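The values are calculated or read from the model by the stated rules, or taken from the named source; none is laboratory data. In this text, all values refer to a predicted model and were calculated from it rather than measured experimentally. Here the Cβ positions follow ideal geometry from the backbone for every residue, glycine too, while neighbour counts run over all protein chains shown. The protein model used for the area step is the full one, side chains on, heavy atoms only, and it has no ligands, DNA or RNA in it. Shrake-Rupley method; radii C 1.70, N 1.55, O 1.52, S 1.80 Å.
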Amino acid sequence: VRIDPVLAAAAVVALLVVTLVAVAVIGRAPSVVTPRVAPAVGPGTGPGLIVVETTNLTKHNELRYVAPDRRLLPLLPDFGGHQRTAAWRPDGLRLAFAGWPHGQADPWMHLYETDATGSTPRMLSTDCDPPACVEETDPAYSADGQRLVAVRLADLRAGTPTRSVLVIY
């Protein structure tokens, strides 16, 4: 197969332009945060901890970490329930997520935080009371790791939240 040199040069230029535009839109290259966990502490054995969100047959999400042998193991096996939208603090020491523990009476998610070893999660959503707050999801840390922003859903009507706001912890 022969490729026209002009066409090949045009394709290379187009790829370069798309790459430059993508970098300009994103603002910076993606970064990888390696949690500072000693190799012998908790599930974080090795240079870092990769946490993924999986879904089981009951449609409950679960946070899992990639073990050194490439198996996906539960990060929070005692939490159960539903765990989703995890976000690492920039220093890699803490992980925030939305969820509800096994046995929680209401179906709404709240914010929790754990450390890189998957220790017992601490609830962050202590002021989330209906009707001003029904659920909090999608946490994200500030660049310095001192603040956390999340989406708060409120005002239930016919079982569905009708308003959302951003909250900062």
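Ordering Y112, Y169 from largest to smallest accessible area (1.4 angstrom probe), what's the sequence?
Numbers: Y112 15, Y169 80 Å².
Ranked from most to least accessible, the order is Y169, Y112.
For segment 150-159, backbone phi angles converted through the Karplus equation (6.51, -1.76, 1.60; θ = phi - 60°) give residue-by-residue couplings of 8, 8, 10, 9, 8, 6, 6, 9, 6, x Hz, Gly and Pro being listed as x.
Would you kindly state how much longer the chain becomes between A105 and D91 on full extension, computed as 0.36 nm times their sequence separation minus their alpha carbon distance, in nm to one decimal? Write down the numbers at each step before the final one.
Working: separation 14, 0.36 × 14 = 5.04 nm, distance 3.39 nm.
Going from the current span to full extension adds 1.7 nm.
Taking each residue as 0.36 nm, the span from V12 to D127 lengthens on full extension beyond its C-alpha to C-alpha distance by 36.0 nm.
Seen from V165, the other residues with C-beta closer than 14 Å to its C-beta sum to a net charge of -3, counting Lys and Arg as +1 and Asp and Glu as -1.
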